[in-house]
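Below you'll find the structure, written out as structure tokens, and then a few comments.
The values are calculated or read from the model by the stated rules, or taken from the named source; none is laboratory data. Remember, it's a predicted structure, so these values are computed and weren't measured experimentally. Cβ sites come from the backbone with ideal geometry, for glycine too, and all protein chains shown count toward neighbours.
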Amino acid sequence: MATREITAVSRGLSLSITRMTEHDLLEVVEIEETSGLSPWGWDAYHKELQSPKDVIMLVARTGAAVDPNEGRAIFGFIVSRLVAGELHVNNVAVRPEFRRQGTAAQLLEAVLEWARRKGAAEALLEVRAGNIAAQGLYSRCGFQVTGRRRRYYARPDEDALLMTLLLEASP
């Protein structure tokens, strides 16, 4: 997937969405830790990066260097896998200070488009029953609640809502 340059309107934030690399993992884990996701940690993300071709892991970066010594900062990521014609969205997270600016939706749309090109029939994900903001994002992107997984999450114990989206193949 080629780099996409996108401008977030609310703060005029220039961003690019690119494939995740091993060099991104420390920042990805940092974002994961501040986002309340069920922890995967560095090893799990690294293992997923080594997985077969039906995995897509993307990061959103600022369009310009935040600090000249640090390069372009990562402020969001998404991890998805194609399994038997279904796109499974495993993790989506954005740094708190960059939320509600469309970054997660742009990341999600990028993996959905990838899945359409691969011929996936549907996309699915689990979201904490109490995560109203994420449910709103997924609903705006066309996902619908289709089930509930009791006590799916730990720390704290919480149900997951299963959300799905039927995909139309793109040419």
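The table for this structure:
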item	result
Filter result for Ala64 (among the hydrophobic types (A, V, I, L, M, F, W, C), at pLDDT below 85 and surrounded by fewer than 12 Cβ atoms within 10 Å (Cβ to Cβ))	yes
Conditions (1) assigned to a helix (DSSP H, G or I); (2) of a type in the set (A, V, I, L, M); (3) touching a helix residue (DSSP H, G or I) at 6+ places or on another chain (Cβ under 7 Å); number of the one not met by Met163	(1)
Pairs with Cβ under 7 Å, 6+ apart, first in the range 141-156 and farther than 21 Å from Glu113 by Cα and surrounded by 12 or more Cβ atoms within 10 Å (Cβ to Cβ), second among the hydroxyl-bearing types (Ser, Thr, Tyr) and modelled with pLDDT under 95	Tyr153/Ser38
Hits in the range 41-60 - residues which are at pLDDT below 90 and of a type outside the set (A, V, I, L, M, F, W, C)	Gly41, Asp43, Tyr45, His46, Lys47, Glu48, Gln50, Ser51, Pro52, Lys53
Pairs, first part of a helix (DSSP H, G or I) in the range 23-49, second surrounded by 15 or more Cβ atoms within 10 Å (Cβ to Cβ) and of a type in the set (Lys, Arg), C-beta under 7 Å, six or more apart	Ile31/Arg95; Thr34/Arg95
